[in-house]
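In what follows, a structure is listed as C-alpha cells, so that the remarks can point back to it.
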Amino acid sequence: MLLVLGALSLPPTTEVGQVIGVVDHQDAAWLMATASFFLASVGLTMGLPAVLWLFPRRHQPVGLVGLWVWAIGTIGTAGFAALLVMFRAVVHTVDLTPDQVEALARDPLLRLGLGAVAATFYLGELVVALVLLRGRAAPPWVPVALLLHVAIAPFDHLLPPHLQGAPTVVLGAGLVGLAVRATETWAGSRPLARL
C-alpha cells in the first residue's frame, strides 16, 4: 500500500515545470511520496521471501530467480526515494531553470540507473506472476493482476490523466492478494500450538 501511496502522491506528468511546481508548492506530498517509496522498498524486500511458500516444489528454482530479480528492483526503489530527496534539496537550494532540470533528467547514467531499477522490478514481477499462474498456488486473479500491471505500466503515460494511477492500484491489489495467500499458506503449514 505504501508503494501505491507513493506513486499516487507524485504528479501524473513528467513535464518539468509541473514537477518543480509540486516540489515548491506541495512539499508535504513530495516528502510523503519519498517516505512511502523508502518504506515500501523495505517492506517489499523483507516480504518477498514469504512468496516462497506459494511456489510448488518443481517451480521453486525459477520462482527463486524471479524473487531475486524482483528484490533488486524493490531495493532499487529505496534508491529512487533517495533521488527524490536529492531533487527536492536541489530545487530548494539552487535556482534551476526548467532547461537545466530537463538536461539533468536526460543524464545517461541517471536514466540507466532508473531504467535498471524499473526493468528488474518488472522482470521479477513477471517471472513470479508466471510461476504463480502455472503453479496455481494463489487465486488466479493475483498473478493476473501482477501480469496486468507489467503489461500496462510502461504505457501508463499514454492513459488519460485520471487513469494514470490505475496500474499502481492494480499492482497494490495483486500484492495484497499475494501477501494474504502467502500468509494463509504459511499458517496452514505450521503445527497448531497447544495451549
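The values are calculated or read from the model by the stated rules, or taken from the named source; none is laboratory data. What you see is a predicted model, and the numbers here were worked out from it, not measured in a lab. Quick reminder, even Gly has a Cβ in these numbers, built from the backbone with ideal geometry, and neighbours come from all protein chains shown. Side chains included, ligands, DNA and RNA excluded: accessible areas come from the protein's heavy atoms. Shrake-Rupley method; radii C 1.70, N 1.55, O 1.52, S 1.80 Å.
Structural remarks
- Phi angles across the range 101-110 convert, under the Karplus curve 6.51 cos²θ - 1.76 cosθ + 1.60 with θ = phi - 60°, into 3J(HN,Hα) values of 5, 4, 5, 5, 5, 8, 4, x, 5, 5 Hz, Gly and Pro given as x.
- Of all accessible heavy-atom area on the range 121-195, the percent that carbon and sulfur account for (1.4 Å): 70 percent
- Answer label for log10 I(q)/I(0) by the Debye sum over Cα atoms at q = 0.08, 0.10, 0.14 Å⁻¹ (calculated), chosen among (i) -0.33, -0.50, -0.90; (ii) -0.23, -0.37, -0.76; (iii) -0.30, -0.46, -0.83: (iii)
- Phi angles across the range 148-162 convert, under the Karplus curve 6.51 cos²θ - 1.76 cosθ + 1.60 with θ = phi - 60°, into 3J(HN,Hα) values of 5, 4, 4, 6, 9, 4, x, 10, 5, 5, 8, 6, x, x, 6 Hz, Gly and Pro given as x.
- Under the combined filter of DSSP loop state and at most 10 neighbouring Cβ atoms within 10 Å, the range 39-107 retains these trypsin sites (Lys or Arg not before Pro): 106.
- Charge dipole magnitude, Cβ of K and R +1, D and E -1 - the range 42-195, Cα centre, debye nearest 20: 940 debye
- Farthest toward positive dipole pole in the chain [+1 Lys/Arg, -1 Asp/Glu at C-beta], among 54, 31, 1: 54
- Taking label points 7 Å from Cα along the Cα-to-Cβ direction, residue 107 and residue 180 give a separation of 4.2 nm.
- Accessible area expressed per residue, the chain, with surrounding protein chains retained (probe 1.4 Å, Å²): 58 Å²
- Unit charges at the beta carbon, dipole of the chain: most positive-side option, 82, 42, 132: 132
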